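Below is one structure; the comments refer to it alone.
The values are calculated or read from the model by the stated rules, or taken from the named source; none is laboratory data. As the structure is a computational prediction, the values presented were derived from the model and not from experiment. Here Cβ is always computed from backbone atoms with ideal geometry, including for glycine, and neighbour counts include all displayed protein chains.
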């Protein structure tokens, strides 16, 4: 990098460094997208603390969600550290932990059932089973490839991601469904969920198929994306077990602080809890 400026082409060495650090492809893609936005906005100006602070202010003024601002700042700070420009790093926005979920984005059990019913009604067996697999295990969409014929036979999947390996137990009923599906599709080994050409089902296709299912299920598109199935698993598990540490292990979180976000209830539930305090006297 010359004269402390940045162009999109100069991001490639950093992208390679992220891959060497075993960042997931989705993380690398997100970082590069955010850094490209910064590069275009900076328009060849010299990188200094004033510029990066101005970028932070720009993101806030453009009404990005605070969590999105922090994600974009994280990408920038990582690049600055890589370039030896630590003094140009900026502080994250301080966020209060969300007490409850936005009802427009919370996938309920009823929504989940409607998605399954619609997929089955349309004859989309693979999609229905995929929704059920993510919902019943809490895996990330990037971890779907670890649901293999071998894992189904053992009743557990060994997931290697972000430098860690964790074991996910597969419910017996789910295993029977997956085994039957694999046999029907003549899949003898490897990934259960595949495209028609035999390739592992990718993130983008899973996302697209879920979005297309919304209108048939009568579920708002804002509620339907793979990660929300993971959130539904987390809330359902926590409601039954009340064991945050164990849930963090199942989800593959290094901190229970992250897990707490997943277990946030809806505003309606929160309102009922407050109402039961009976502190409004008639």
How many residues does the stretch 1-34 hold that are more than 28 Å from residue 140 (Cα to Cα) and touching a residue at least 40 places away in the same chain (Cβ under 8 Å)? 5
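For residue 12, state whether it is over 21 Å from the mean Cα position of the chain (by Cα), outside any loop (DSSP other than H, G, I, E, B) and closer than 26 Å to residue 164 by Cβ. Please lay out each step first, then the result.
Numbers: over 21 Å from the mean Cα position of the chain (by Cα): yes; outside any loop (DSSP other than H, G, I, E, B): yes; closer than 26 Å to residue 164 by Cβ: no.
Taking the combined requirement at face value, the residue does not satisfy it.
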Take the conditions farther than 15 Å from residue 252 by Cα, in contact with a helix residue (DSSP H, G or I) (Cβ under 8 Å, 6 or more places away or on another chain), in the same structural domain as residue 240 (by TED's automatic domain parsing) and buried (at least 21 other Cβ atoms within 10 Å of the Cβ) and apply them to residue 135. Does it pass? yes
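Sort out which residues of the stretch 7-24 are at pLDDT 85 or above and either touching a helix residue (DSSP H, G or I) at 6+ places or on another chain (Cβ under 8 Å) or within 14 Å of residue 55 (Cβ to Cβ) (or both), and write them in order of number. Show your work before the answer.
Restricting attention to the stretch 7-24, the residues satisfying the condition of being at pLDDT 85 or above are 11-21.
Answer for the stretch 7-24, where residues must be at pLDDT 85 or above and either touching a helix residue (DSSP H, G or I) at 6+ places or on another chain (Cβ under 8 Å) or within 14 Å of residue 55 (Cβ to Cβ) (or both): 11, 14, 15, 17, 18, 19.
Output yes when any residue across the stretch 217-232 is more than 24 Å from residue 254 (Cα to Cα) and touching a strand residue (DSSP E or B) at 6+ places or on another chain (Cβ under 6 Å), and no when none is. Break it down into steps so the answer makes sense when it comes.
At the first step, the residues of the stretch 217-232 found to be more than 24 Å from residue 254 (Cα to Cα) are 217-224.
Keeping just the survivors that are touching a strand residue (DSSP E or B) at 6+ places or on another chain (Cβ under 6 Å) gives none.
Looking for residues that are more than 24 Å from residue 254 (Cα to Cα) and touching a strand residue (DSSP E or B) at 6+ places or on another chain (Cβ under 6 Å), one finds none in the stretch 217-232, hence no.
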Given the criterion surrounded by 12 or more Cβ atoms within 10 Å (Cβ to Cβ), under 19 Å from the mean Cα position of the chain (by Cα) and either touching a residue at least 12 places away in the same chain (Cβ under 8 Å) or closer than 20 Å to residue 163 by Cβ (or both), identify the matching residue among 71, 53, 42, 37. 71
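Helices (runs of 4 or more DSSP H) wholly in the stretch 101-184 with at least 2 residues that are within 17 Å of the chain's Cα centre (by Cα) and closer than 18 Å to residue 195 by Cα - which ones? So that I can check it myself, show each step before the final result.
Details: elements: 109-121, 125-137, 149-154, 172-184.
The qualifying helices (runs of 4 or more DSSP H) are 125-137.
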Please verify whether the stretch 84-93 includes one or more residues that are free of Cβ contacts under 8 Å to residues at least 12 places away in the same chain, surrounded by fewer than 18 Cβ atoms within 10 Å (Cβ to Cβ), farther than 28 Å from residue 262 by Cβ and more than 24 Å from the chain's Cα centre (by Cα). yes
Sort out which residues of the stretch 20-32 are under 21 Å from residue 86 (Cα atoms) and surrounded by fewer than 14 Cβ atoms within 10 Å (Cβ to Cβ), and write them in order of number. 20, 21
Looking at the stretch 40-75 only, could you name the residues that are assigned to a helix (DSSP H, G or I) and more than 19 Å from residue 86 (Cβ to Cβ)? 40, 41, 57, 58, 59, 60, 61, 66, 67, 68, 69, 71
